[in-house]
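Undergrad: If you scroll down you'll find the structure; I have some questions about it.
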Amino acid sequence: MPSRKIGPFEVSAIGLGCMNLSHAYGVPPSPAQGEQVLHAALEAGVTLFDTAALYGFGANEELVGRVLKPHRSRITLCSKGGMAGVKGEDGVMRRVIDGRPEALRRNCEDSLRRLGTDVIDLYYLHRWDRQVPVEESVGALSRLVEQGKVQAIGLSEVSAATLRRAHAVHPVAAVQTEYSLWTRNPEIAVLAACRELGAAFVAFSPLARAFLTGTLTDVGALDAKDIRRPMPRFAPDNYARNLALLPPFQALAAEAGCTPAQLALAWLLHQGEDIVPIPGTTQVAHLQEDLDAAQVRLSADVVARAGALINQDTVTGPRYAAQATQEVDTEAF
């Protein structure tokens, strides 16, 4: 597995996004299946593992911590705070965005406990809480670094302007945002800002939540609680139009000698040495397919043709519905 740099860390060029082992896409796999995927990732040379307090309301961190603890010295462990499950008066856990320093300290302490570690290598502000100046939230994260509870800090879903404000308080090692052939927002300003400031870019959902694998053909079969259901691109009419993009993309992958998923990941890797994709999966076979993309070499012509086939102008539907759009910092994208 080739490696790339994130702040002080040398990490596998493709990491593992652990979210869907506990969260988001309908009924999660069993803990045993999750353990199998994590062990397979370790054996295949993955050294970057990404989780968050939000995922499964802590269950994902517990799973990741339990499996990876014996291998702690070989991996770069990433988690996120500022968006977590909070139990209401009715006893129901709900997702809450809270970037106040006291909330971030509590989130971090909870994550350290669940992960079974003394320090989190890379700790992200999961969402910028618009009720709290980003400088205050990043100041709280910097104090966690001073206390030795966190080694480096990152930001998730922020604009270039917010990144610069945060970086003025404490160096930002990485920005994590959705980036793939069908989500190109980072190309407008955030990637350039990351390069200006020396921050790595960690790309989540690099396979467009399974669209770019070519295996999701019927959105009607998605679980009722699958987070893709309210996303406009997955609405039946929009998705039917998006599916029309796949045959030429699949033909291009065949021409390049790889699978569609590998073409999508290799395309990202070819966008710069500072980009680290973190695909997620619940299947060991899909994991190996994803990781093999690190060995795929694309010609400049194939890179350009892939980008021309699937991009912000050819995809139908916005990335998020209105409510979710309000929660991400997109003004300067």
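No value in this document is a laboratory result; all are computed from the given coordinates. Every value quoted in this text rests on a predicted model; they were computed, and no experiment measured them. FYI the Cβ positions are ideal-geometry reconstructions off the backbone, even for glycines, and counts take in every protein chain you see.
Undergrad: Between helix 134-146 and the chain, what is the angle of the helix's C-alpha long axis to the longest principal axis, kept within 0 to 90° and rounded to the nearest 10?
TA: Between helix and principal axis, roughly 70 degrees.
Undergrad: Something else about it: Looking at 119, 177, 160, which one has the Cα that reaches farthest to the positive end of the dipole of the stretch 64-178 (charges on Cβ: Lys, Arg +1; Asp, Glu -1)?
TA: 119
Undergrad: How long, wide and thick is the chain, going by the Cα atoms along their three principal axes, in whole angstroms, largest first?
TA: Largest first, the chain extends 52, 45, 41 Å along its Cα principal axes.
Undergrad: What percent antiparallel are the DSSP beta bridges of the stretch 124-213, to the nearest 5?
TA: 10
Undergrad: Which FRET efficiency, nearest 0.05, do residue 113 and residue 218 yield, Cβ-Cβ r, R0 30 Å?
TA: Working: r = 41 Å, r/R0 = 1.36.
Step by step, r from the Cβ atoms, then E = 0.15.
Undergrad: Who wins for biggest fluctuation among 205, 79, 30 in a Gaussian network model of the chain, springs between alpha carbons below 10 Å?
TA: Of 205, 79, 30, the Gaussian network model singles out 30 as fluctuating most.
Undergrad: What percent antiparallel are the DSSP beta bridges of the chain, to the nearest 5?
TA: That works out to approximately 30 percent antiparallel.
Undergrad: Another question about this same structure. Which FRET efficiency value, to the nearest 0.05, is calculated for residue 273 and residue 324 with the Förster distance at 30 angstrom and r the Cβ-Cβ distance?
TA: So the FRET efficiency works out to roughly 0.45.
Undergrad: Now for a different question. With springs only between Cα atoms under 10 Å apart, run a GNM on the chain and tell me which of 71, 170, 23 wobbles the most.
TA: 71
Undergrad: Averaging sequence separations of C-alpha pairs under 8 Å and six or more residues apart, then dividing by the length of the stretch 238-333, give the relative contact order as a whole percent.
TA: Once divided by the residue count of the stretch 238-333, the mean separation gives 33 percent.
Undergrad: Same structure, new question: Quick one: net charge of residue 261's neighbours, Cβ under 10 Å, K/R +1, D/E -1?
TA: Net charge around residue 261: -3.
Undergrad: Taking every DSSP beta bridge with both residues inside the stretch 32-167, roughly what % is antiparallel (nearest 5)?
TA: Here the share of antiparallel DSSP bridges comes out near 30 percent.
Undergrad: At a Förster radius of 51 Å, what calculated FRET efficiency corresponds to the Cβ-Cβ distance of residue 90 and residue 295, to the nearest 0.05?
TA: 0.50
Undergrad: Of all trypsin sites (Lys or Arg not before Pro) in the stretch 34-137, which ones are in loop regions per DSSP and have a Cβ with at most 13 other Cβ atoms within 10 Å? List each step's numbers first, then the result.
TA: Details: sites: 66, 72, 74, 80, 87, 94, 95, 105, 106, 113, 114, 127, 130; in loops: 127, 130.
Taking the stretch 34-137 and a limit of 13 other Cβ atoms within 10 Å, the loop trypsin sites (Lys or Arg not before Pro) found are 130.
Undergrad: Now, a different point. Can you give me the convex hull volume of the Cα atoms of the stretch 276-331, divided per residue and expressed in Å³?
TA: It comes to 162 Å³ per residue, whole-number rounded.
Undergrad: For every other residue with a beta carbon closer than 15 angstrom to the beta carbon of residue 32, add +1 if it is Lys or Arg and -1 if Asp or Glu, then tell me the sum.
TA: It works out to a net charge of -1.
Undergrad: Right, another one. Once each part is reduced to its C-alpha centroid, what is the distance from the stretch 167-235 to the stretch 73-116 in angstrom?
TA: The stretch 167-235 and the stretch 73-116 have Cα centres separated by 21 Å.
Undergrad: What GluC sites (Glu not before Pro) does the stretch 1-110 have in DSSP loop regions with at most 13 other beta carbons within 10 Å? It would help to have the intermediate numbers written out before the result.
TA: Working: sites: 10, 35, 43, 61, 62, 89, 102, 109; in loops: 89.
In loop regions of the stretch 1-110 (DSSP not H, G, I, E or B), the sparsely surrounded GluC sites (Glu not before Pro) are 89.
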